[in-house]
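The values are calculated or read from the model by the stated rules, or taken from the named source; none is laboratory data. Bear in mind the structure is a predicted one, so any value in this text is a computation, not a measurement. Here Cβ is always computed from backbone atoms with ideal geometry, including for glycine, and neighbour counts include all displayed protein chains. These accessible areas exclude ligands, DNA and RNA; they are computed on the full protein's heavy atoms, side chains included. Shrake-Rupley method; radii C 1.70, N 1.55, O 1.52, S 1.80 Å.
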Amino acid sequence: MTISGDRTPGFGVYLHWPFCAAKCPYCDFNSHVRHQPVDQPRFAKAFAREIEVMRERTGRKRVTSIFLGGGTPSLMLPETVGNVLESVARHYEIDSDAEITLEANPTSVEADRFRGYRAAGVNRVSLGVQALNDRDLKFLGRMHNVEEALVAIGLAREIFPRLSFDLIYARPHQTAQDWTTELNAAIDHAVDHLSLYQLTIEEGTPFFNLHRAKKFTVPDADHAAHLYEVTQAVAASRGLPAYEVSNHARPGAESRHNLTYWRYGEYIGVGPGAHGRFVEDGIRTVTIGERNPEKWLELVEAKGTGEIDGELLETEQEADEFLMMGLRLVEGIDLVRYEELAGRPLAQERIAILREEGLIEPVGNSGLRATPAGMLVLDALVADIGRE
């Protein structure tokens with residue numbers, strides 16, 4: 001399978017809204033609950049200032065995608081979203097066909113704002129549905145039920161040109177038949193894109209402590225791998241084949257913003273805890289923002305940016321990241337580009353061994369990708385293939 005259309009990575013803008021109504025027990029993202037109203041105009045002004053500083057660093061760029069992530073961006077007022085998007089447009093050229101995505105939770109209050117987001121310029125929404133049964137939604141700490149989720153999906157389909165939603169599988173006690181039934185139901189409601197993630201227990205989350213205390217169990221590695229295989233088979237049979245480890249789309253409907261990451265393109269990160277990667281003075285530069293929202297706000301107001309960390313990547317680091325990101329894609333990587341980044345080709349002996357083991361395969365004249373078996377052990381495969 002190949003991805004439709006132009007394969008150039010594009011240039012992305014990631015905007016991180018860090019606030020949530022409640023913290024999900026599995027989430028290790030930079031998200032924060034505030035029991036007092038957030039000063040949205042003040043934060044929007046800070047976003048505008050940091051965007052301006054980033055423009056000074058990146059130079060003139062044509063933006064092909066904008067992604068409002070979080071946190072819960074659908075807690076933003078439509079006018080806040082509009083102000084932030086206008087700030088991007090003031091400092092960058094926005095491609096006429098740019099993808100502008102907003103992550104949203106499918107509660108009724110947030111869904112009522114969808115028309116306002118569309119008027120502000122959002123043309124794609126990504127809904128955090130996570131499950132299609134109320135028992136598991138409660139387990140996952142979600143604030144919506146299945147009925148609310150389906151209403152939000154229907155409204156999003158009506159208002160936005162493009163829709164995606166997330167589901168988490170490999171949940172406690174989930175059988176292959178359970179997941180097959182749920183996934184087919186999801187595809188019945190999906191338009192063109194689904195993100196399907198295995199439940200992972202991340203250190204520092206409430207689930208980590210509960211799991212360690214044996215309050216619940218998750219499927220073992222063999223069962224989780226089987227659920228992954230079921231995911232690939234069912235989604236492909238319904239016209240949404242995988243184009244990345246956890247993402248499925250009808251051909252041509254792949255997430256352009258995430259493709260920028262996986263194709264190792266450039267992007268700026270704006271907002272508390274946001275990361276960026278762009279070429280500055282000929283060197284790929286990593287920027288990392290202050291995670292605490294209020295501290296980030298004070299930094300931006302004082303000096304124009306909330307950046308507190310970052311690095312300049314050496315060629316080997318760039319090549320390693322290119323491998324790590326690109327092998328997630330079904331289209332694979334371009335070996336010529338790898339050699340340009342690393343200053344050397346991949347070791348042919350390693351490639352030969354991994355091909356013999358059925359973990360990688362060639363694509364065209366200069367491409368390489370992970371096989372379905374390789375996707376199951378992708379972290380180990382990336383570490384192995386990059387060795388000299």
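When Lys and Arg each count +1 and Asp and Glu each count -1, what net charge do the other residues less than 11 Å away from Arg277, Cβ to Cβ, add up to?
So the environment of Arg277 carries a net charge of -4.
Restricting to the chain, compute how many DSSP beta bridges are antiparallel as a %, nearest 5.
Taking every DSSP beta bridge with both residues in the chain, the antiparallel ones total about 40 percent.
Using a/c under 1.5 as the rounded threshold, could you call the stretch 3-59 rounded, prolate or oblate? The axes a ≥ b ≥ c are square roots of the C-alpha gyration tensor eigenvalues, and prolate needs a/b larger than b/c, oblate otherwise.
Oblate, because a/c is 1.5 or more while a/b does not exceed b/c.
Using just the helices of the chain, give the 222 nm mean residue ellipticity in deg cm²/dmol: DSSP H runs with n ≥ 4 each add -39,500 (n - 2.57), and the total is spread over all residues, rounded to 500.
-12500 deg cm²/dmol
In square angstrom, rounded to the nearest 10, how much accessible surface does Arg113 have for a 1.4 Å probe?
Around 60 Å² of this residue is reachable by solvent.
Please compute the net charge surrounding Val234, taking Lys and Arg as +1 and Asp and Glu as -1 over other residues with Cβ under 15 Å from its Cβ.
Combined, the nearby Lys, Arg, Asp and Glu give -2.
Compute the accessible area per residue over the stretch 254-388, keeping the other protein chains in place, probe 1.4 Å, unit Å².
46 Å²
For the stretch 223-232, what does the Karplus curve 6.51 cos²θ - 1.76 cosθ + 1.60, with θ = phi - 60°, yield as ³J(HN,Hα) per residue in whole Hz, taken in order and with x for Gly and Pro?
Per residue, the Karplus-derived 3J(HN,Hα) values read 5, 4, 5, 5, 5, 4, 5, 4, 4, 4 Hz.
If you take all C-alpha pairs in the stretch 158-282, what percent of them are over 25 Å apart?
40 percent
Within the accessible area of the stretch 239-329, what % is carbon and sulfur when the probe is 1.4 Å and the other protein chains stay in place?
Taking all protein chains in place, the stretch 239-329 shows 50 percent carbon and sulfur surface.
Solvent-accessible area per residue for the stretch 25-105 at a 1.4 Å probe radius, Å²?
45 Å²
Which shape class, rounded, prolate or oblate, goes with the stretch 335-388 when its Cα gyration tensor gives a ≥ b ≥ c as root eigenvalues, a/c under 1.5 marks rounded, and past that a/b bigger than b/c marks prolate?
prolate
Give the residue from Leu299, Pro345, Thr287 lying farthest towards the positive end of the charge dipole for the stretch 252-388; charges sit on Cβ (+1 for Lys and Arg, -1 for Asp and Glu) and the dipole is referred to the Cα centre.
Of the options given, the answer is Pro345.
Mind listing the long-range amide H neighbours of Ile100? Cut-off is under 5 Å, sequence gap 5 or more, other chains count too, H placed in the peptide plane at 1.01 Å from N.
Ile66, Asn123, Arg124
Which whole-number value in Å³ per residue fits the convex hull of the alpha carbons of the stretch 278-388?
Residue-normalised Cα hull volume stands at 126 Å³.
For the chain, can you list the cysteines whose C-beta has no other cysteine C-beta under 4.7 Å from it?
Cys20 - these cysteines have no disulfide-compatible partner (Cβ-Cβ under 4.7 Å) in the chain.
Taking only the alpha-carbon atoms of the stretch 88-150, what semi-axes of the equivalent ellipsoid follow from 5 times the gyration tensor eigenvalues under a square root, in whole Å, largest first?
Its equivalent ellipsoid spans semi-axes of 30, 12, 9 Å.
How large is log10 of I(q)/I(0) for the stretch 28-126 at q = 0.10, 0.22, 0.24 Å⁻¹ when the intensity is taken from the Debye formula with one equal scatterer per alpha-carbon?
The calculated log intensity ratios at q = 0.10, 0.22, 0.24 Å⁻¹ are -0.28, -1.27, -1.43.
What spacing in nm lies between the two simple spin-label points modelled at Ala383 and Val33, each 7 Å away from Cα in the Cβ direction?
With each label placed 7 Å out from Cα toward Cβ, I get 3.6 nm.
If you take every residue apart from Pro25 with its C-beta less than 12 Å away from the C-beta of Pro25, what net charge results, scoring Lys and Arg +1 and Asp and Glu -1?
+2
Which residue, Phe29, Phe278, Phe67, has the most motion in a Gaussian network model of the chain that connects Cα atoms within less than 10 Å?
Phe29
How much length would be gained if the chain were fully extended between Glu203 and Val279, taking 0.36 nm per residue of separation minus their Cα-Cα distance, in nm to one decimal?
Extra length available between Glu203 and Val279 comes to 24.1 nm.
Would you report the distance distribution of C-alpha pairs in the stretch 55-178 as whole percents per 10 angstrom bin, up to the bin with the largest distance?
12, 40, 27, 15, 5, 0
Match the structure shown to one of the listed values (i) 37, 30, 17; (ii) 31, 29, 20; (iii) 66, 29, 16 of semi-axes √(5λ) of the Cα gyration tensor in Å, computed from it, and give that label.
Derived directly from the coordinates: (ii).
Taking the stretch 188-236 on its own, what percent of its Cα-Cα pair distances exceed 16 Å?
Cα-Cα pairs of the stretch 188-236 separated by over 16 Å account for 54 percent.
If a paramagnetic tag sat 7 Å from the Cα of Ala89 along the Cα-Cβ line, which residues of the stretch 256-281 would have the backbone N under 20 Å from that point?
257, 268, 270
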